[in-house]
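Got a structure for you, questions after.
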Amino acid sequence: MSRLPRRLGNGEEATLGEHLEELRQRIFVIIGSVAVASIAAFVFHSRILDVLNRPLPAGHRQLLATGVAEPFTVSITVSLYAGLALSSPVILWQIWAFFAPAFDHSAERKMLLLVIFAAALAAAGLAFGYWILLPRAIHFLTNYDSRHFLHLIKASTYYSFVVTILLGIVVIFQLPLVILGLVALGVLSSRTLRKNRRLGYLITAAVALALPGPDLVTTFLELLPMWVLFESSIWLAVLVERRQPAASEAVL
């Protein structure tokens, strides 16, 4: 019976063959976790579909299937998406455990804080996308020019749309993390961000206008949190810069 891959200690040396064997084992763990999570999601796929269909208007929650196998293939695809989401902690842990020996304990603690911060931002993005953005965007799109169009929503297209929107919102909500990383690397500074604040607001407004749901209400709902994220990123950059000199003095 094969054991789970052992995590190497900080600075522990290993041969190339040992690294490749560890990588192989971790890939098997990742594949296994995705498979188990996807199977579990398929068992409950009816409830998952109900949750994903909830943002739709009441008269559009039974989606159109244009092929004999489409209900089954769509259920498999949605279960795979759910399996990837459910197994993401295992995937991230396996990736980190493989690279962790190259970092010292202080860097490991910082990385853990960044992962927690990124997870919190992702959860906030999912909540915003599902509860606020999607219902308003879908309401606008399904009622647009209904005098000339009969809206029959195809199942595969709708779920791809939902996944794309939610994934895009999660990426957008990582803006503070990206800015903090650039500040830590010295590419950006809080002074530069404050000096170009108006340009930053303009760029976020352009991104909001490019997102789905082009009515004014939905655009404003997208734009407001993006401005909040950008502004909070500036002040977080100030805190990071204040801590950097203290960290360097502690090392000296």
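If each DSSP helix of 4+ residues adds -39,500 (n - 2.57) and the sum is divided by the residues in the chain, what number results at 222 nm, nearest 500 deg cm²/dmol?
Numbers: 10 runs with 184 residues, N = 252.
Result for the chain: -25000 deg cm²/dmol, rounded to the nearest 500.
I've got another one for you. Assuming 0.36 nm per residue, please report the length gained on full extension of the stretch F99 to A127 beyond their Cα-Cα distance. Don't jump to the answer; show the numbers that get you there.
On the way: separation 28, 0.36 × 28 = 10.08 nm, distance 3.09 nm.
Working it through step by step, the gained length comes to 7.0 nm.
Additional query: Treat segment 107-232 as a sphere of radius equal to its Kirkwood radius over Cα pairs and apply Stokes-Einstein at 20 °C in a medium of 1.002 mPa s; give the translational diffusion coefficient in µm²/s, rounded to a whole number. Show your work: numbers first, answer last.
Values: Rh = 16.3 Å.
Translational D for this selection: 132 µm²/s.
Okay, next question. Under 15 Å from the Cβ of S75, count the other residues' Cβ atoms, weight Lys and Arg +1, Asp and Glu -1, and hand me the total.
On the way: positive: R47, K154; negative: D50, E70.
Around S75, the surrounding residues sum to 0.
On to the next question. Report the net charge of residues surrounding R197, where surrounding means a beta-carbon distance below 14 angstrom and charges are Lys +1, Arg +1, Asp -1, Glu -1.
Values: positive: R191, R194, K195, R198; negative: E231.
Its environment carries a net charge of +3.
Quick one: which residues, 5+ away or cross-chain, put their amide H under 5 Å from the amide H of L64? H built at 1.01 Å from N.
So L64 has HN proximity to I153, K154, A155.
Further question: Which of L229, L199, L49 moves the most in a Gaussian network model of the chain with Cα springs under 10 Å?
L199
Once you put a point 7 Å from the Cα of R7 and another 7 Å from the Cα of L185, both along the Cβ direction, what distance in nm separates them?
2.5
Normalised by the residues of the chain, what does the relative contact order come to in percent, with Cα pairs under 8 Å and at least six apart? List each step's numbers first, then the result.
Numbers: 203 pairs, mean separation 55.6, N = 252.
The value is 22 percent.
Find out how many positive minus negative residues lie around R26, taking Lys and Arg as positive, Asp and Glu as negative, among other residues whose Cβ is under 11 Å from that of R26. Walk me through the intermediate numbers first.
Details: positive: R6, R7, R24; negative: E21, E22.
Net of charged neighbours comes to +1.
According to the Kirkwood expression over distinct Cα-Cα pairs, how big is the hydrodynamic radius of segment 1-94, in Å? Walk me through the numbers on the way to the answer.
Working: mean 1/r = 0.0625 Å⁻¹.
Taking every pair of different Cα atoms in segment 1-94, averaging 1/r and inverting gives 16.0 Å.
Okay, next question. Å³ per residue of the Cα convex hull, for segment 28-152?
Working: hull volume 16.6 nm³, N = 125.
Measuring per residue, one finds 133 Å³ for the Cα hull of segment 28-152.
Under a point-charge model restricted to the Cβ atoms of Lys and Arg (+1) and Asp and Glu (-1), what is the dipole moment magnitude of the chain relative to its Cα centre, in debye to the nearest 20?
Numbers: 20 positive and 15 negative charges, 109 e Å.
For this selection, approximately 520 debye.
Applying 1/(1 + (r/R0)^6) with R0 = 41 Å to the Cβ-Cβ distance of R109 and E21, what FRET efficiency is obtained, to the nearest 0.05? All intermediate terms of the calculation are to be shown ahead of the outcome.
Working: r = 28 Å, r/R0 = 0.69.
Taking R0 as 41 Å, the efficiency between R109 and E21 is 0.90.
In addition: Where in the chain is the longest stretch that carries no trypsin sites (Lys or Arg not before Pro) classed as loop by DSSP and with at most 14 other Cβ atoms within 10 Å?
Numbers: sites that count: R3, R6, R61, R147.
Result, exposed sites excluded: 148-252.
A short reminder: the numbers here are calculations on the coordinates, not readings from a lab. Since the model is a prediction, treat every value here as computed from it, not as a measurement. Note that each Cβ is placed from the backbone with ideal geometry, even for glycine, and that neighbours are counted across all protein chains shown.
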